[in-house]
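One structure is given below, encoded as structure tokens.
The values are calculated or read from the model by the stated rules, or taken from the named source; none is laboratory data. Only a predicted model underlies this, so the values are computations on that prediction, with no experimental measurement involved. Cβ atoms come from the backbone with ideal geometry, glycine included; neighbour counts cover every protein chain shown. The accessibility values were calculated without ligands, DNA or RNA, using every heavy atom of the protein model including side chains. Shrake-Rupley method; radii C 1.70, N 1.55, O 1.52, S 1.80 Å.
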Amino acid sequence: MLKMAWLSQLKIKLFSYSSKGLECKQRLSQLALWLFVGLFASTASAATLPKEQYSTHTLATQLNSPWSMVKLPNGTWLITERNGHIVIVKNNKQSRVNLNLEGLYVAGQGGLLDIVLSPNFNTTKEVIFTYAQGDASANRLVVAKATFNGADFSKPNVIYKVATDKNTPQHYAGRALVLPDNTLLVSTGDGFDFREQAQVITSQLGKILRINLDGTTPKDNPFIKHNNANAHAVYSLGHRNAQGLVYDYDTKQIVSHEHGPAGGDELNYLTAGTNYGWPVITYGKDYSQARISPFTEYKGMQKPSVDWTPSIAPSGMAYYGSKHTVFPSLQKHVLITTLVDKKLYSVNLANGEFTQSHIFPEATGRLRDVYVTTEGYVTVLTDGKDAKLMLVKTN
């Protein structure tokens with residue numbers, strides 16, 4: 001039987017049916033089915049968004065397992081490929097360069113992952129990367145920096161290594177976010193086989209880390225006084241595989257999302273020192289359908305703001321804020337790409353109900369990442385061996 005505490009968390013929006021629709025008994029049966037499969041916070045809104053007229057354009061094609069992208073101030077695009085290459089899109093032409101990353105480990109979900117610009121990019125030309133480093137017996141996520149001269153990169157310099165090695169090629173997380181105070185958040189995965197370490201403060205698996213841009217540790221991190229140095233960079237714990245990380249500058253909050261197992265994908269507001277529960281609390285099950293935990297809530301652990309069960313497999317995420325005016329109907333929404341649902345969703349952060357909509361249906365297939373340009377246009381990166389980068393702009 002479903003607990004009342006669990007039921008109180010449900011945010012299902014029921015839509016009225018016409019007199020020609022379902023009878024009351026059928027409605028109740030449908031509701032029971034929804035409750036059974038757990039489709040509570042993942043139901044998309046009936047509203048059609050965006051409301052503005054738009055067109056789609058292809059910016060890049062024939063991408064080889066891309067993971068993320070960034071647009072430079074001069075209009076050039078940089079796209080990471082997991083095999084260690086960067087695709088440069090400049091003046092409608094594509095080129096590809098090898099970063100020659102030290103110890104790059106390309107296996108499973110590993111390889112070159114995220115790319116972000118240093119906040120002082122205009123003067124330093126510094127670019128920040130995350131990638132998997134090591135081999136099958138011992139590998140880890142690392143953070144590296146390189147400078148870009150407009151055509152090629154300097155040799156990348158590793159500025160930070162996740163302190164805890166693993167022997168699996170899964171769950172690196174790997175998302176990076178520069179905060180307004182010029183510190184860097186980096187998400188680390190639980191390594192798949194080591195999920196219990198997400199709750200161990202001296203392990204850097206299953207965490208959000210906060211570091212300075214030179215790789216040192218900020219003195220105001222929540223666990224800076226811990227007697228084990230591995231805890232000093234930890235910002236939050238209890239994460240599984242967080243691949244969405246954005247800053248909502250309208251409310252000055254950090255928003256993340258992460259992959260659950262079979263169900264239990266989450267959207268969270270991140271605060272320093274908070275425990276987000278994995279694997280103690282989860283709405284998901286193991287892929288074998290075995291129960292991971294009997295708890296969906298536990299003292300001292302933060303429940304998700306949104307839970308997606310069944311899984312949508314959220315990948316990238318971008319914040320469409322109030323300063324973006326091209327698509328006013330998307331303001332104060334996060335945009336989320338999905339690998340299983342193969343859709344782009346918007347989630348309204350401003351209405352208190354996290355109303356969700358399927359947007360830009362032209363973006364279909366396994367979607368890897370999403371990016372909002374300074375102009376307010378939306379770009380979507382597809383996944384796989386023959387992927388593309390698509391631009392969405394108003395007519």
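I'd like the accessible area for Thr202: 1.4 Å probe, protein heavy atoms, all chains in place, Å² to the nearest 10.
About 50 Å², ignoring ligands and nucleic acids.
Please find the FRET efficiency linking His57 to Val340, where r is the Cβ-Cβ separation and R0 is fixed at 30 Å, and quote it to the nearest 0.05. Mind showing how you got there, number by number?
Working: r = 26 Å, r/R0 = 0.87.
Computed FRET efficiency for His57 and Val340 comes out at 0.70.
Can you show me the helix-derived [θ] at 222 nm for the chain, built from DSSP H runs with n ≥ 4 at -39,500 (n - 2.57) apiece and divided by the number of residues, rounded to the nearest 500.
One gets -1500 deg cm²/dmol as the mean residue ellipticity at 222 nm.
If each residue of separation counts as 0.36 nm, what is the full-extension length gain between Phe295 and Thr124 once their alpha-carbon separation is subtracted? Could you put the intermediate results ahead of the total?
Numbers: separation 171, 0.36 × 171 = 61.56 nm, distance 4.82 nm.
Length difference between fully extended and current span is 56.7 nm.
For Leu344, what residues show an amide H to amide H distance below 5 Å, using hydrogens built from the backbone and excluding near sequence neighbours?
Ile359
Considering the options Met317, Leu245, Thr48, tell which one lies farthest towards the positive end of the dipole of the chain, charges being +1 on Lys and Arg and -1 on Asp and Glu at the Cβ, about the Cα centre.
It is Thr48.
Lysines within cross-link reach of Lys71: Cα-Cα under 19 Å, excluding same-chain residues under 8 positions apart?
Lys71 reaches Lys90, Lys93, Lys125, Lys145, Lys323, Lys388, Lys393.
Heavy-atom accessible area per residue, the stretch 237-395, 1.4 Å probe: how many Å²? Mind showing how you got there, number by number?
On the way: 5770 Å² over 159 residues.
Accessible area per residue, the stretch 237-395: 36 Å².
Can you give me the distance in nm between label points at Ile224 and His358, each placed 7 Å from the Cα along the Cα-to-Cβ direction?
Between Ile224 and His358, the label points sit 4.7 nm apart.
For the stretch 264-325, what is the charge dipole size about the Cα centre, in debye to the nearest 20, if Lys and Arg each add +1 at the Cβ and Asp and Glu each add -1 at the Cβ?
On the way: 5 positive and 5 negative charges, 22 e Å.
Dipole magnitude for the stretch 264-325 comes out near 100 debye.
Working out 0.36 nm times the residue gap between Glu375 and Gln253, then minus their Cα-Cα distance, what length gain in nm do you get to one decimal? Kindly include the intermediate steps, with their values, before the conclusion.
Values: separation 122, 0.36 × 122 = 43.92 nm, distance 2.21 nm.
Here the answer is 41.7 nm.
Go through the stretch 182-279 and name the trypsin sites (Lys or Arg not before Pro) that are in a DSSP coil and have 15 or fewer other Cβ atoms within 10 Å of their Cβ. Write down the numbers at each step before the final one.
Numbers: sites: Arg195, Lys207, Arg210, Lys219, Lys225, Arg240, Lys252; in loops: Lys219, Lys225, Arg240, Lys252.
Here the sparse-neighbourhood loop sites are Lys219, Lys225, Lys252.
Amide H neighbours of Tyr235 under 5 Å, counting only residues 5+ apart in sequence or on other chains, H built in-plane at 1.01 Å?
Under 5 Å from the amide H of Tyr235: Ile208, Leu209, Arg210.
Using a simple spin-label model with points 7 Å from Cα along the Cα→Cβ vector, what separation in nm is obtained for Val200 and Glu102?
The modelled label-to-label distance comes out at 2.6 nm.
What dipole magnitude, in Debye to the nearest 20, does the chain give about its Cα centre under +1 on Lys/Arg Cβ and -1 on Asp/Glu Cβ?
Numbers: 39 positive and 30 negative charges, 85 e Å.
Dipole magnitude for the chain comes out near 400 debye.
List the equivalent ellipsoid semi-axes of the chain in whole Å, largest first, each obtained as the square root of 5λ for an eigenvalue λ of the Cα gyration tensor.
On the way: eigenvalues 217, 148, 69 Å².
Semi-axes, largest first: 33, 27, 19 Å.
At 1.4 Å probe size, what's the solvent-accessible area of Glu375? Round to the nearest 10 Å².
About 80 Å², rounded to the nearest 10.
Hey, which lysines would be in cross-link range of Lys219, C-alpha to C-alpha under 19 Å, not counting anything within fewer than 8 residues on its own chain?
Partners within reach: Lys161, Lys207.
I want to check the label-to-label distance for Ser329 and Asn149. Put each point 7 Å from Cα in the C-beta direction and report it in nm to one decimal.
4.8 nm
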